[in-house]
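Below you'll find the structure, written out as structure tokens, and then a few comments.
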2 protein chains.
Amino acid sequence: MSPVTIYDTTLRDGTQGTGISYSTLDKIRVAEKLDEFGVHYIEGGWPGSNPKDAAFFEEASKRSWKTAKITAFGMTRRGKMKVEDDPQVKMLLDAKTPAVTVVGKTWALHVTEVFQVSLEENLAMISDTVAYLKKHGREVLYDAEHFFDSFKENPEYSLKTIKAAQDAGADLIVLCETNGGALPEFVEETTRKVIAHLGRPVGIHTHNDGGVGVANALAAVRAGACQVQGTINGYGERVGNCNLTTIMPNLQIKMGIDLGLDLTRLRELANFVDELANVPHDIRAPYVGVAAFTHKGGLHVHAVQKLARTYEHVDPALVGNQRVITISDMSGQSNVMMKAEGMGFKFAKGDARVQTILSEVKRLESEGYEFEAAEASFEMLIRKQLGQHKPVFDLIEYHSTHRFHGGEHGFETCEATIKLEVDGSRVYTVDEGDGPVNALDNALRKALLPFFPALKDMRLADYKVRIIDGGTGTAAKTRVLITSTDGNATWGTVGVSCNIIDASWKALVDGIEYFLLKRAA
Amino acid sequence: MSPVTIYDTTLRDGTQGTGISYSTLDKIRVAEKLDEFGVHYIEGGWPGSNPKDAAFFEEASKRSWKTAKITAFGMTRRGKMKVEDDPQVKMLLDAKTPAVTVVGKTWALHVTEVFQVSLEENLAMISDTVAYLKKHGREVLYDAEHFFDSFKENPEYSLKTIKAAQDAGADLIVLCETNGGALPEFVEETTRKVIAHLGRPVGIHTHNDGGVGVANALAAVRAGACQVQGTINGYGERVGNCNLTTIMPNLQIKMGIDLGLDLTRLRELANFVDELANVPHDIRAPYVGVAAFTHKGGLHVHAVQKLARTYEHVDPALVGNQRVITISDMSGQSNVMMKAEGMGFKFAKGDARVQTILSEVKRLESEGYEFEAAEASFEMLIRKQLGQHKPVFDLIEYHSTHRFHGGEHGFETCEATIKLEVDGSRVYTVDEGDGPVNALDNALRKALLPFFPALKDMRLADYKVRIIDGGTGTAAKTRVLITSTDGNATWGTVGVSCNIIDASWKALVDGIEYFLLKRAA
């Protein structure tokens, strides 16, 4: 076993995050992914707090796990009650997991004001619960809630609570920085004192309220902590938990602590969790975000290619990510070539077509195009320049109307008409929509579906509008960025025009043509 | 002056972030907001790298600044050239700022491989440039690029470069953790050694690639650093810069270092920058995110109400944020009141109208409105609730048409018709435009000008569109933010609708009514 273990609580503490929830099947899938990846503990939920978590443990107990110990989370017994009579503790055993984590109160203020039991009774609650679970053969982790805030105020009582857990047989004491507001120096100092007091290492559980959740856990590891608790992508209550996606590579790559993890699958894991939580990927996430190894600008790119480590803190391949050279203004030939080759195009050295493509990119950029997030439009552009593009239809005309009528019989309506030719047939359609672009999108799909039934699998996933030169008011240029998906792949397209409808039209058509091209391939 | 100064580079390094860009007017507005907030230095751009940045300094030099020194960024002179002949250095002086920051190479590897000059020549480049700028009366900050990576490999040469800057008269040496991959312990240790070597404190500039950008800057401050450089919301290249929005409260509230900042306006500042960058707010941002003080679940909420500090690392009011229980409602009474009183409205304690206004704000926010950058719409809203609003006209109907016709006799046209009543007269106008909104804007002005000749002084300065719920494709809700100006004042208005035309209409009308109200006053 590694000198530091990774304890994942994505499925318990992570679900406290705003907008995060999983079905039971989602939870099983995340747990399987975490197990493959190699984490040591997977906290699946709090069986005593909700039935969905209990269902997870039921499912989990039927499966076999490679590296991870499935762990159930619960609380110390209630005050003035025998531990064996507490239904919440019973459900913890019913989860049938090899390991359990029990959270207990550390902060005297909290014990007496919120819990309303005596300080002595709190110690008994900790001790009884740990001993009872040990007697039933569980590996027991004791989670000392509010440890750091409590220690600052009353170190003596704080230490008594964790000593009670240790004396009752707890396998590991975990110091919990519940409010997320401590700074690294204090965490390091305190962890060092506690380890000296207990005579053995502890685990660390941090939150990110002060923006230093990862740094606090690293500080504890420096002080001798042997377990880091956190969540994938840092999801969790308020601003979130210690981000495992960040700290795992910090520990394994930078500090040389072998966690036994396959970090080349880190980005895949991060995106997988996002997908199941239905949360957009954070492009700026350390190590795994799309922007984490993104380089802008010609001169700089030249330097990166020359000496990668002068601009990259780690090799992106180590965490399953990759260098991205953005197709942005001032894009030199090397940028465009790297991107085109990444799409499978091959050019001989000195191929004149490279210059043609580059000129077209520059012309479009000067009009306000950006291809950073619109790879599909970029690929269509290359195909057009190479004479490899066959339009799906010929546009004859489209128009859209928006009407608002106030007063007693007021109404608002938006419709679009499309006239086009596909394979020699004229097709006219009309449809309504929530706005002019939505109406146009609806009418265009109506026109094309009979010819391309695969289009039913494709939908728009995101639609962004940017005014490029705001300084000229409502006559400003508009850039529309559309992300489309077929449920598996996603692709971005872009359109620019003085007119938002025209800009949207261009991006819509690129997205459809790209999809049909890939389907036919 | 505070023992630690805040150096904001939102407008220079921050614009290197994927998807971040500002117009010149945006940059001026951000700078004004930062100045009001109280930061000590505002780095406005790199005048030698692009004309937009030069335009910012031109504008900035015409204004007066309360607390901040406007700072221009540039590079040491090129190799084998006299400093006075380097056009990039000349443009740095042309920016006419009280302070300039010059970046130079520290890493020997970088000097010889990428820059292709000798190590000696690099020292001369640093020394010449700093001395030249000092001679022209500038406060000079010397930014030592790649300092930490370089120091690890070759401490001796690294120290020589900053010593060269110091000996040439630099007012402050700033250690730059360019690649963002260092860990706090190393940053602290290195900063301590450098300060001892130079015999005076340094500044610190960090990036967040290892997820510890804030912690690294804090570590440097512990070691004696006297300036922290970063960006609002942490925007910047790759995963971003040290997040000032996080570190400022860490320093001022937690570490007791008085930065002289009005932190109760922190959240407003963070949101303002997002709005102008047209980037969605990060709900999980420490201190300022909507979720930062959000509490889920009954028991927990009860405990929070009972004893706030057992679940909150700081009082949310200190950073202009607030506790959110369950469903988010961002605008608390105190926020709304503060804002209204700032506009000159007065309410007695317990005034029932405050509750009416608050309800309306909440209703609009739940529809997707945001008033952070739309003070004029907020003021109109209050007036409407107080019965102090008299509409300028009554709308009967408007409609707009967009038509694209391809082929030999192709054309594209966009027109709008407006029917309204002003002072008992019916007015019908029609006009064309570059897009449906521009056509509507033109037709509306045409209708109103005969009644309100002052309108000729007003124009739209900026127009931004944000799709609020991108996940539903082209049928998503649209928020339109319009900035108007009469050449002196600027004011923001907002409109929300499923339909971009309708959303724009609302913001247009608010902008015009606000202008006419202020002119009449």
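Bridgeable aspartates and glutamates around A:Lys135 (alpha carbons under 12 Å apart, same-chain partners fewer than 8 residues away excluded): A:Glu84. For region B:393-451, the relative contact order works out to 30 percent when only alpha carbon pairs closer than 8 Å and six or more residues apart are counted. Evaluating kT/(6 pi eta Rh) at 10 °C and 1.306 mPa s, with the Kirkwood radius of region B:393-451 over Cα pairs in the Stokes-Einstein relation, gives 132 µm² s⁻¹.
Shielding value for A:197-210 is 2, the average number of Cβ atoms from other chains within 10 Å of each residue's Cβ. Counting neighbouring Cβ atoms within 10 Å and putting the fewest first, the residues A:His146, B:His389, A:His402, A:His136 line up as A:His136, B:His389, A:His146, A:His402. Only one residue of B:Met91, A:Val509, B:Tyr22 has its Cα farthest out toward the positive end of the dipole of the protein assembly as shown, where Lys and Arg carry +1 and Asp and Glu -1 on Cβ, and that residue is B:Met91. Whole-Hz Karplus values for region B:146-160 come out as 6, 4, 6, 4, 5, 4, 4, 8, 8, x, 4, 5, 4, 5, 4 Hz, taken residue by residue from phi with 6.51 cos²θ - 1.76 cosθ + 1.60 and θ = phi - 60°; glycine and proline positions read x. With both labels modelled 7 Å from their Cα along Cα-to-Cβ, the A:Asn488 to A:Glu367 distance reads 3.3 nm. When only the Cβ of Lys, Arg, Asp and Glu is charged (+1, +1, -1, -1), the dipole of the protein assembly as shown relative to its Cα centre reaches about 880 debye.
Among the GluC sites (Glu not before Pro) within region A:196-289, not one is in coil by DSSP while having at most 13 neighbouring Cβ atoms inside 10 Å. Looking at region A:5-261, the DSSP beta bridges with both ends there are about 5 percent antiparallel.
If the reach is capped at under 12 angstrom between alpha carbons, list the aspartates and glutamates near B:Lys134, excluding any in the same chain fewer than eight residues apart. Reachable aspartates and glutamates: B:Asp167, B:Asp171. Calculated FRET efficiency, B:Ala520 to B:Glu412, Cβ-Cβ distance, R0 = 45 Å: about 0.70 to the nearest 0.05.
Placing a label point 7 Å from Cα along the Cα-to-Cβ direction at A:Gly169 gives distances to the equivalent points in the other copies of 7.7 nm, listed shortest first. Distances from B:Ala520 to itself in the other copies, using label points 7 Å out along the Cα-Cβ axis, amount to 6.2 nm in increasing order.
With neighbour counts taken as other beta-carbon atoms within 10 Å, the residues B:Lys82, B:Lys464 rank, fewest first, as B:Lys82, B:Lys464. Take every Cα-Cα pair in region A:44-102 and report what % of them are more than 17 Å apart. Tail of P(r) above 17 Å: 35 percent of Cα pairs.
Inter-copy label distances at A:Lys135, shortest first and taken from points set 7 Å along Cα to Cβ: 8.7 nm.
Note that chain B shows a convex hull volume over its alpha carbon atoms of 196 Å³ per residue.
For the peptide B:413-426, the mean number of other protein chain Cβ atoms found within 10 angstrom of a residue's Cβ is 1. Within the shell defined by Cβ-Cβ distances under 15 Å, the residues around A:Gly260 carry a net charge of -2, with Lys and Arg each +1 and Asp and Glu each -1. First select every other residue whose beta carbon is under 13 angstrom from the beta carbon of A:Ala168; then total the charges, Lys and Arg +1, Asp and Glu -1. The answer is +3. Straight-line reach from A:Lys254: taking Cα to Cα under 17 Å and skipping same-chain neighbours fewer than 8 places apart, the aspartates and glutamates in range are A:Asp262, A:Glu312, A:Asp315, B:Asp149, B:Glu153, B:Glu177, B:Glu185, B:Glu188, B:Glu189, B:Asp209. Computed from backbone phi, the HN-Hα couplings of region A:422-430 come to 10, 6, x, 9, 8, 10, 10, 9, 9 Hz, rounded to whole numbers (Karplus: 6.51 cos²θ - 1.76 cosθ + 1.60, θ = phi - 60°; Gly and Pro given as x). Of the residues A:Ser359, A:Leu119, B:Ala144, the one whose Cα sits farthest toward the positive end of the charge dipole of the protein assembly as shown, with +1 on the Cβ of Lys and Arg and -1 on the Cβ of Asp and Glu, is A:Leu119.
Projecting label points 7 angstrom from Cα along Cα→Cβ for A:Arg459 and B:Lys66 puts them 4.9 nm apart. Remark on the protein assembly as shown: hydrodynamic radius 31.0 angstrom, per the Kirkwood mean of 1/r across alpha carbon pairs. With neighbour counts taken as other beta-carbon atoms within 10 Å, the residues B:Asp209, A:Asp462 rank, fewest first, as A:Asp462, B:Asp209. The simple Förster model, with R0 at 45 Å and r as the Cβ-Cβ distance, assigns A:Met255 and B:Lys52 a FRET efficiency of 0.60.
Peptide A:217-230 shows a mean partner chain C-beta count of 1 within 10 Å per residue C-beta. Can you pull the Kirkwood radius for region B:409-521, inverse mean 1/r over Cα pairs, to one decimal in Å? Evaluated over region B:409-521, this radius sits at 15.1 Å. Cross-link check: pairs B:Lys96/B:Lys193; A:Lys477/B:Lys456; A:Lys33/A:Lys390; A:Lys52/A:Lys160 evaluated at a Cα-Cα cut-off of 30 Å; pairs beyond the cut-off: B:Lys96/B:Lys193; A:Lys33/A:Lys390; A:Lys52/A:Lys160. A simple rule links phi to the HN-Hα coupling: the Karplus curve 6.51 cos²θ - 1.76 cosθ + 1.60 with θ = phi - 60°, which for region B:438-447 gives 4, 4, 5, 4, 5, 5, 5, 4, 4, 6 Hz, with x for Gly and Pro.
Every number in this text was worked out from the coordinates using simple rules, so none of it is lab data. Because the structure is predicted, anything quoted here is derived from the model rather than measured. Backbone-built Cβ (ideal geometry, glycine too); neighbour counts: all protein chains shown.
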